[in-house]
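Visitor: I'd like to ask some things about the structure below.
The values are calculated or read from the model by the stated rules, or taken from the named source; none is laboratory data. Please read all numbers here as calculations on a predicted model, not as lab measurements. Using ideal geometry, Cβ is built from the backbone for each residue, glycine included, and neighbour counts are taken over all protein chains shown.
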Amino acid sequence: MKIYNTLTRKKEEFYADDKENVQLYSCGPTVYSYAHIGNLRTYIFMDILRRILRYEGYKLKHVMNITDVGHLVSDADEGEDKMVKTAREQQKSPWEIARYYTEAFFQDMEELNIMKPEIIPKATEHISEMIEFVQGLVEKGYGYETRDGVYFDIGKFKGYGKLSRINLDEQIAGARVEVNEEKRHPADFALWKKASKEHIMQWPSPWGAGYPGWHIECSAMGRKYLGDVFDIHTGGVDHIPIHHENEIAQSEALLGKPAVKYWMHGEFLLVDNGKMSKSLGNTYTIYDLKKKGFTPLTFRYFCLNAHYRNKLNFTWEAMKAAQTAYNRLLGGALAHKKAGGGENEVDQEIINTFKNEFEEAITDDLNIPKALGIVWNVIRHETKSSALFDLLVQFDKVLGLDIDKVEEKIEDEREVELDDEIKELIEKRQQARKDKNWKLADEIRDELKDMGITLEDTPKGVRVVWKNIENGFISLFFMCFQGVGGGRPPRF
Ligand code: AMP
Ligand code: ZN
C-alpha cells in the first residue's frame, strides 16, 4: 500500500515492522468548544486511514489524544490557554469544559461513523510523563529555563524545519515582534509554562508550578503508548509548520533518532472558498448541519468525494448535491439487496474486477474519490444482484456510509400530506398527458424524480412513490394521488 509522506514529499510504500501491531498517532481535539466541520474532515481522514489499514489486514494500536490543557490561543505559544479562556467566559471550571466538549466530540465521532482509536489519553492525566520528557531535554542541553518557563532551543537542533521545509532565517522573518527577551531564538517554543498562583490548571514540577506546552503533550503521550519509534502520525496541514515541526525537534533531540516513520496530513476544509472563522459566523458544527436537515453521514459522504490532500470547499449547495447523491447511492444499494441471488447472480469475474479496482484505489494513497467511482459502477451495474450488495457492504468497511443498514420498509398504502408545489406539478403533468404533450409530461416527471418522487400510472390513477431516507433506512411510501391534502412530505 502506498501513502504520501509529508516528510519526504513522496508517495512511499508503507512498510510496517509488525503487521500485527501498526502504531498510529493522531493529534486529537482541543476540547474548548464543539468541533467544527473542518476539524471533523480531518478526523474523517484519520478514520479512513484506519479503516483502510484494517481492510488490508493490519492490526492497529491507534492513539488519539485529548488536549485539555496547554494549547494557547496561538499555536506558537502566545496568548492564553484556550481551556482557561473558555472556562472564564462560560464561568465553569476548565475540567467541566473539557468533560463537556470531549463528550460532544465523541458524539460527533459516533454520528459520523468515525471509529474510536484504541487509546484516547488526556493530556491532564499524563503530566508526569511530560515533565520527564522535558527533564530529559534539559539534561541533554536542548531545554533551557527562563523566568516564565522552559523552552526548546531550536538553534541546537540541526534538523529544525525539515518537515515544513522552512529554514531558520525564514522562521525569524516570519516571527512576530519578540515579547520574551529571554528566548534565545524567536521560534524557540515552550516545553513548560510557569503559572501564577491564580492560574487554575497547574502542577508541581522541577521548575515550579505550571503546565505543559502543547507540543510536548503529543510527543510524551505518543512515546508512552507507542514507544520511541512508531509508524504513522496524522494531523491537519496547519500542524506541519509549528506543532509537528516542534514534535520532531523534541523527540529527535531526546532519542537521537526520528520517532515517526510516516507523517500524513489532511488538507483544509474551506467554507465558501475561504477560511472558517468565528467573525464570519461560518464555523459550522454537526448540529448546524442537522438543523438544516442534513444527516451527519451526508457530510461524511461529502468529504469522501475529495482526496484528503486536496482542499475541499463547503457550501450549502454542495451539501444538497451530496445529499441527493448519497440518497441515490443508498437507493441503488437497496435495489441490489432486493434482487436476491439465484438467476440474478453476476459472474464472479465481474465481482473480482470491481474488488481489485476498489482495492487498487484505496491502497494508492487513500484514493477514496476513485474508490467511490467504483462503488457507483457497482451500483449502476445492469444486473441487480445480492452478490453485488455483499460487495458494497464489504467496501463499506472502508467507507463507513452505513450501506449495510440499508433496508426497505414498505408502508401500507396510506394518505400522505403532499406539498402544494409537488401537488401542482403532478396536476400539471396529468393535464399535459391529457393534452398529449408527452414532452412536458416527461419533463415534469424527471423534475419530480430529482426530488425523489416517482410517478406510476396505474388503472386507478397516479401512484406517487417517494423515498424517504433517514438514518440510512429507506422507506417507500405508496399512496394514491386522489384525495391527497396539502402539506409537505418529510425530508428526503
Ligand atoms: P484543534 O482542535 O484546533 O487542535 O484541531 C483539531 C484538528 O482539526 C487538527 O488536526 C487541525 O489540523 C484540524 N483542522 C483545523 N481546522 C481545519 C480545517 N478548516 N479543515 C480541516 N482540518 C482542520
Ligand atoms: Zn499533536
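Visitor: What are the residue pairs meeting all of these: first residue in the stretch 115-137, first residue more than 23 Å from Leu40 (Cα to Cα), second residue polar (S, T, N, Q) and part of a helix (DSSP H, G or I), Cβ atoms under 8 Å, and 6 or more apart or on different chains?
Guide: From residues that are more than 23 Å from Leu40 (Cα to Cα), the pairs are Phe133/Ser219; Phe133/Gln250; Leu137/Gln250.
Visitor: In addition: So which residues in the stretch 17-27 are surrounded by 20 or more Cβ atoms within 10 Å (Cβ to Cβ) and either more than 16 Å from ligand 2 (Cβ to nearest atom) or more than 30 Å from Thr124 (Cβ to Cβ) (or both), if there are any at all?
Guide: Val22
Visitor: Considering Lys197, Lys193, Lys257, which residue is assigned to a strand (DSSP E or B) and either within 16 Å of ligand 2 (Cβ to nearest atom) or not small (Gly, Ala, Ser) (or both)?
Guide: Lys193
Visitor: Moving on. Being farther than 22 Å from Tyr43 by Cβ, at pLDDT 95 or above, within 16 Å of ligand 1 (Cβ to nearest atom) and in contact with a Leu (Cβ under 7 Å, 6 or more places away or on another chain) is the requirement here; does Ile216 meet it?
Guide: yes
Visitor: Name every residue in the stretch 31-44 that is surrounded by fewer than 24 Cβ atoms within 10 Å (Cβ to Cβ), near ligand 1 (Cβ under 7 Å from one of its atoms) and of a type in the set (S, T, N, Q), in order of residue number.
Guide: Hit for the stretch 31-44 is Asn39, nothing else.
Visitor: Here are the criteria: (1) over 22 Å from Phe189 (Cβ atoms); (2) in contact with a strand residue (DSSP E or B) (Cβ under 8 Å, 6 or more places away or on another chain). Tell me which single one Lys92 does not satisfy.
Guide: Among (1) over 22 Å from Phe189 (Cβ atoms); (2) in contact with a strand residue (DSSP E or B) (Cβ under 8 Å, 6 or more places away or on another chain), the lone unmet condition for Lys92 is (2).
Visitor: (1) surrounded by fewer than 18 Cβ atoms within 10 Å (Cβ to Cβ); (2) touching a residue at least 12 places away in the same chain (Cβ under 8 Å); (3) not β-branched (Val, Ile, Thr): which one isn't true of Leu269, the others all being true?
Guide: (1)
Visitor: Sticking with this one: Against the conditions (1) among the β-branched types (Val, Ile, Thr); (2) under 17 Å from the mean Cα position of the chain (by Cα); (3) modelled with pLDDT under 95, where does Thr324 fall short? Just the number, please.
Guide: Result: Thr324 passes all but (2).
Visitor: Same structure again: Step by step: first the residues of the stretch 124-148, then only those that are surrounded by fewer than 24 Cβ atoms within 10 Å (Cβ to Cβ) and of a type in the set (Gly, Ala, Ser), then the one that is nearest to Ser196 (Cα to Cα). Which residue is that?
Guide: Per the stated criteria, the residue is Ser128.
Listed here are the residues, each with its yes/no results for (1) out of contact with any helix residue (DSSP H, G or I) (no Cβ under 8 Å at 6 or more places or on another chain); (2) more than 23 Å from Gly281 (Cβ to Cβ).
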| site | (1), (2) |
| --- | --- |
| Gln23 | no, yes |
| Val31 | no, no |
| Ala35 | no, no |
| Lys82 | yes, no |
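Visitor: Need at least 2 residues that are within 16 Å of ligand 2 (Cβ to nearest atom) and among the polar types (S, T, N, Q) per element, so show me which helices (runs of 4 or more DSSP H) inside the stretch 266-341 make the cut, counting only ones lying wholly within it.
Guide: By residue number, no helices (runs of 4 or more DSSP H) qualify.
Visitor: Within the stretch 83-107, which residues are under 18 Å from Lys197 (Cα atoms) and surrounded by 16 or more Cβ atoms within 10 Å (Cβ to Cβ)?
Guide: Met83, Val84, Lys85, Ala87, Pro94
Visitor: Okay, next question. Being at pLDDT below 95, more than 16 Å from ligand 2 (Cβ to nearest atom) and either more than 21 Å from Cys27 (Cβ to Cβ) or among the hydroxyl-bearing types (Ser, Thr, Tyr) (or both) is the requirement here; does Gly208 meet it?
Guide: no
Visitor: Let me ask something else about it. Quick one: in the stretch 408-450, which of the residues that are buried (at least 16 other Cβ atoms within 10 Å of the Cβ) and within 27 Å of His336 (Cα to Cα) is modelled with the lowest pLDDT?
Guide: Leu448
Visitor: Would you point out the residue of the stretch 231-266, among those that are more than 12 Å from ligand 1 (Cβ to nearest atom) and more than 20 Å from Val134 (Cβ to Cβ), that is surrounded by the fewest Cβ atoms within 10 Å (Cβ to Cβ)?
Guide: Per the criteria, the residue is Lys261.
Visitor: Next up: Across the stretch 215-253, what is the number of residues that are more than 9 Å from ligand 2 (Cβ to nearest atom), outside any helix (DSSP H, G or I) and in contact with a strand residue (DSSP E or B) (Cβ under 8 Å, 6 or more places away or on another chain)?
Guide: Adding up the residues that qualify gives 7.
Visitor: To continue, here is another question. Looking at Leu312, Leu304, which one is surrounded by 14 or more Cβ atoms within 10 Å (Cβ to Cβ) and touching a Cys at 6+ places or on another chain (Cβ under 9 Å)?
Guide: Leu312
Here is a yes/no grid of residues against (1) of a type in the set (Lys, Arg); (2) at pLDDT 95 or above:
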| site | (1), (2) |
| --- | --- |
| Gly57 | no, yes |
| Lys61 | yes, yes |
| Asp68 | no, no |
| Gln90 | no, no |
| Ile97 | no, no |
| Gln107 | no, yes |
| Pro121 | no, yes |
